[in-house]
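Only the coordinates and a few stated rules stand behind these numbers; no lab work does. Computed from a prediction, not measured in an experiment: that's the story for all the values here. Please note: Cβ atoms are built from the backbone with ideal geometry, for glycine as well, and neighbour counts cover all protein chains shown.
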Amino acid sequence: MQLMVESSQLAPAFNSPPLSNVDVNLFESTIRILGGLLSTYHLTGDQLFLEKAKDIGSRLMPAFKTPSKIPYSDVNIGKGTAHPPRWTSDSTLAEVTSIQLEFRELSRLTQEPHYQVRTQGGLVHKLPGKHDGLVPMFINTNSGQFTHKGVFTLGARADSYYEYLLKQWIQGGKTEDDLLEDYLQAVEGVKKHLLRQTGPSRLTFVGELSHNRFNPKMDHLVCFLPGTLALGAHNGLPGDHMDLALQLMETCHQMYAQMETGLSPEIAHFNLQARDGRDPADRHNLLRPETVESLFYMYRFTKDTKYRDWGWDILQSFNKYTKVQRSHRPDMESFFLGETLKYLYLLFSDDMELLSLDKYVFNTEAHPLPIWPSPPK
Ligand code: DMJ
């Protein structure tokens, strides 16, 4: 993919002074803006993108000025102040731990160590409250401890914590043992506590655990997992990770294929009883990327064309049912362009070296960042 944009061609707004007094979400700005700028810098070689990355990275840093160094969720990028949401001093686990691929890369490129925000491998690694590698969904910015303990999911609020354990390990040249250890433990935790099969169709799915009670509910967000497991297996992790990836990929496919529109619900509630009938489901689809993201990884690693066929069916359904006129809610999440369509493009490309998974690691918003070169021996 050759990016042709030059900094001089960018819209004037991009070069204008930033707005003051704007609150932004640390996580969303990191994965979308900082990740996008770093990735574009690598793909174009244009220094402007690195300068802009440094600018936004620096503006986000006040979020880390907390008693525990666990960042606040919101930062005012004009005033340089940060705060938690109005109703709590907790931050969401995925949000505070899935920002390191980007900040580590910024630190490496600028040679400025203060961008190294070691929330994940550093602060969370040894924290009490984990359950066989599974982590609670919230962490307090004052105490630095987990809160709302006993609730475990691979979906909303926790998903990319697991994804970034593996991806940072790959980014850094597979040398950071604490990240690998946490990732391997988490996969075992998923297998032990969250994995079940549906009664009717023997589909393997990842449910949720709330104070030892199992809930057969799986967010579409969890469909990042087959791709991540396959990426781990491709990087030398146990073969049974790939077996699980194949099973979960089938389930994520069925979450689309069993619907009349061919589009997955946002949340699937699976049927554990051994009787016929479709698994009942939540109803809306937000054009999310996770399933096509995993299809891309599965196709790259297995070359099985069924994954392309499944992706093609999803694209047809998006075309048929989601291209709508003004009477509908006028929202289209930026991840549809940033992730969903990008992964479909990569899935259908015959060029297997295009953004090779042996050279790049994709951040959680689908922005490719380079795997670091190994230091000379
Ligand atoms: C994206 O912003 C990221 O992939 C994030 O990690 C999870 N949610 C959305 C897409 O669904």
ask   = Among all the lysines, which ones have a C-alpha under 24 Å from Lys65's C-alpha, if same-chain residues fewer than 8 places away are not counted?
value = Lys52, Lys54, Lys79, Lys126
inquiry  = What is the distance in Å between the Cα centroid of the stretch 200-230 and that of the stretch 72-133?
reply    = 26 Å
remark   = For the stretch 136-230, the percent of all C-alpha pairs falling in each 5 Å bin, from 0 up to the bin holding the max distance, is 3, 12, 20, 24, 19, 13, 6, 2, 1, 0
task = Sort Thr340, Thr40, Thr119, Thr305 so the one with the fewest other Cβ atoms within 10 Å of its own Cβ comes first.
result = Thr305, Thr40, Thr340, Thr119
task = Compare the Cα positions of Ile56, Tyr360, Asn235 along the charge dipole of the chain (+1 at Cβ of Lys, Arg; -1 at Cβ of Asp, Glu; about the Cα centre) and return the one farthest towards the positive end.
result = Ile56
task = Quick one: what are the phi-derived ³J(HN,Hα) couplings along the stretch 21-30, Karplus 6.51/-1.76/1.60 with θ = phi - 60°, whole Hz, x for glycine and proline?
result = 6, 10, 7, 10, 7, 4, 5, 4, 5, 5
note = Rounded to one decimal in Å, the inverse mean reciprocal Cα-Cα distance for the stretch 261-365, i.e. its Kirkwood radius, is 15.4 Å
message = Sequence gap at least 6, Cα distance under 8 Å: using those rules, report the relative contact order of the stretch 110-196 to the nearest whole percent.
response = 29 percent
ask   = Lys306: which lysines have alpha carbons under 29 Å from its alpha carbon, excluding same-chain residues fewer than 8 sequence positions away?
value = Lys167, Lys191, Lys217, Lys320, Lys323, Lys342, Lys359
task = Taking each pair of different alpha-carbon atoms in the stretch 199-293 once, compute 1/r for the pair, average those values, and report the inverse of that mean as the Kirkwood hydrodynamic radius in Å to one decimal.
result = 13.9 Å
request  = Let me know the whole percent of all Cα-Cα pairs from the stretch 25-158 that are separated by more than 19 Å.
outcome  = 49 percent
ask   = Got a sec? How would Leu341, Leu203 order by Cβ neighbour count within 10 Å, fewest to most?
value = Leu341, Leu203
message = What Kirkwood Rh does the stretch 103-147 have if only Cα atoms enter the pairwise 1/r average? Answer in Å.
response = 12.0 Å
query = To one decimal place, what orientation-averaged projected area in nm² is obtained for the convex hull of the Cα set of the chain?
reply = 19.9 nm²
ask   = Among Met352, Met137, which comes first, then next, by fewest other beta-carbon atoms within 10 Å?
value = Met352, Met137
